[in-house]
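Remarks on the structure that follows.
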Amino acid sequence: MKLLLKWGLRVLPLAYMAIIWIQSSLPSDHFVELPDASLDTIIKESLHLIEFAILYVLLVFAFLTRSGQLTPILNVACAIFAALYGISDEIHQSFVPYRSSSLFDFVKDIIGISVCFYFIRGALFGGRFQRLGKILRTL
């Protein structure tokens, strides 16, 4: 069972990246459109703060399941990869009808990644957030 969980965590970033790509290929109101247009916009725009932060966390989880622990350099590489995927998503959206692309969206992606990076780096390498570090090390 534990082996299945480890392999699931290793494949999850790839599946999540595919979901992001597919979702970005569709109009923004394809799945959900709230009756209040301004609320709909606020919620969907705020999702940029977490969308690529989740990708970064999934990448960290995938590397933590490997026999060697995640190194500080590999941790930075995971954050950079998530950010680059965020930029590629913005470029991709610029070619999709009914979608928009902006530098501000990318900035929101970076903010979300940075917040998660702060906590994960602190928990694993900085001696802070001991509970989080303990949980992460059990992967």
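Here, each number is a calculation from the coordinates, and none is a lab measurement. Just so we're clear, the structure is a prediction, and the values are computed from it rather than from any experiment. Positions of Cβ are generated from backbone atoms using ideal geometry, with glycine treated the same way; all protein chains shown enter the neighbour counts.
Data for the structure
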{"item": "Extension reserve of the Y118-I91 stretch, reckoned as 0.36 nm per residue once the Cα distance is removed", "result": "7.1 nm"}
{"item": "Spin-label pair K2/I50, simplified geometry with 7 Å Cα→Cβ offset, distance in nm", "result": "3.1 nm"}
{"item": "Ascending count of other beta-carbon atoms within 10 Å, so fewest first, for Y16, Y56, Y98", "result": "Y98, Y16, Y56"}
{"item": "Dipole of segment 49-110, positive direction: furthest Cα of I50, N75, T65, with charges on the beta-carbon", "result": "T65"}
{"item": "Charge dipole magnitude, Cβ of K and R +1, D and E -1 - segment 71-139, Cα centre, debye nearest 20", "result": "500 debye"}
{"item": "At R0 = 25 Å, FRET efficiency that the Cβ-Cβ distance of L84 and L12 yields, to 0.05", "result": "0.85"}
{"item": "Backbone HN-Hα couplings from phi across segment 128-133 [Karplus 6.51/-1.76/1.60, Hz, Gly and Pro as x]", "result": "10, 6, 4, 4, 4, x"}
{"item": "Peptides 85-91, 48-54 ordered by average Cβ neighbours within 10 Å, highest first", "result": "48-54, 85-91"}
{"item": "Karplus (6.51, -1.76, 1.60) ³J(HN,Hα), θ = phi - 60°, over segment 93-108, in Hz, Gly and Pro reported as x", "result": "5, 5, 9, 9, x, 6, 10, 10, 9, 8, 5, 4, 4, 5, 4, 5"}
